Each structure stands twice: as structure tokens, then as C-alpha cells.
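As C-alpha cells, the structure follows; a few thoughts come after it.
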Amino acid sequence: MDLLPFTARTALGVALCLAMAGCQDRTATTPTPAPAADTDATATPEAAAPAVEAELDGELVASTNEPFWQAQVSGPGPSLLLRGIEGERELAVTSSQTTGGTRTVRAVDASGAVELTVTAAPCQDSMSGAQFPYSAVLVIDGGTPINGCARPASMPPPGEPQ
């Protein structure tokens, strides 16, 4: 008995079934979800943007892993407190700009300059798996950019009671 023709016919049949399944019009069977009762159906992304930018303009805490760093931007100076593998530094903020959901903070001290960029994009801590509302990039004294996560300073660190 020759199995090759049977196997070829079976493979052809399976391929035709898969092709036909892929050609079905699924738009008619997929309902459009109704807006939740507690949401404003007329809200636009542009309407939410000022709230995000206002939060980004506030006090922030950013942290990285390997190497571990924590940068905290606070007022009224404002200042940037950098803690990590080389100790602690307090730098004076020379500029802070928020545009299009991204805030860039530049700060200096006698040892050099630090730049912190925080973006309104969700971030997951690469070690703990904790979720943060913002992504961050930290550049210390012109070195290699270090990716991390950020949150408003008023928000407790993930995993701590609220």
C-alpha cells in the first residue's frame, strides 16, 4: 500500500480547510464593544494628554536595574537626587521640558551632568515584574543610556501598600 498519495491528499485537504477558514468575513460576527458606563465616550486622546503632561511635570521617581540607580526629581529647587552604585548626588535642575508625553530633565553638579527622560508609556521592571506607568532612560555624565521605569513620587512603589 502506497501511503504517499494518501498523505499528500490529507495535507492538501488540511491546507484548503485552513485557507478557507482564513477567508471568512469575521467583521460581521465581531460585535463592537459598547463604552463602559463610567467612561466618557466623547473623550479623545488629545483630551487625556494635558493630564498626563501635568503628572509628568510633577515630582517623579525613576529606577533602573543592573546597574541600579534611582533618580528623584523634586521641588522647589528643583533638584535631582541620584542614588546608586556610586553613592548619592544632589544635582541642580538646569532644564525640564515636557512635550508630547515625554519629559526631559537635565541637571548638573560639580561631578558632571545627568539627563533623565521619562515617557508616558507603561513599563515593567525587568527584575521584579512590577508595573509602572512610565518608561525612563537615565544618562549619567554622558555615559551609556540606562533603561528603567518611572512613577509619580506621590505614587507608592509597586508592591507597597497604598
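Numbers for the structure displayed
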| item | result |
| --- | --- |
| Whole-number Å³ per residue for the convex hull built on Cα positions in the range 58-162 | 101 |
| q = 0.17, 0.24, 0.28 Å⁻¹, the range 104-162: log10 I(q)/I(0) [Debye, one scatterer per Cα] | -0.62, -0.97, -1.11 |
| Percent carbon-and-sulfur accessible area, the range 119-162, ignoring ligands, DNA and RNA, probe 1.4 Å | 55 |
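The values are calculated or read from the model by the stated rules, or taken from the named source; none is laboratory data. Worth saying up front: this structure is predicted, and the values here are computed from it rather than measured. Quick note on the areas: whole protein, heavy atoms, side chains included, nothing else; ligands and nucleic acids left out. Shrake-Rupley method; radii C 1.70, N 1.55, O 1.52, S 1.80 Å.
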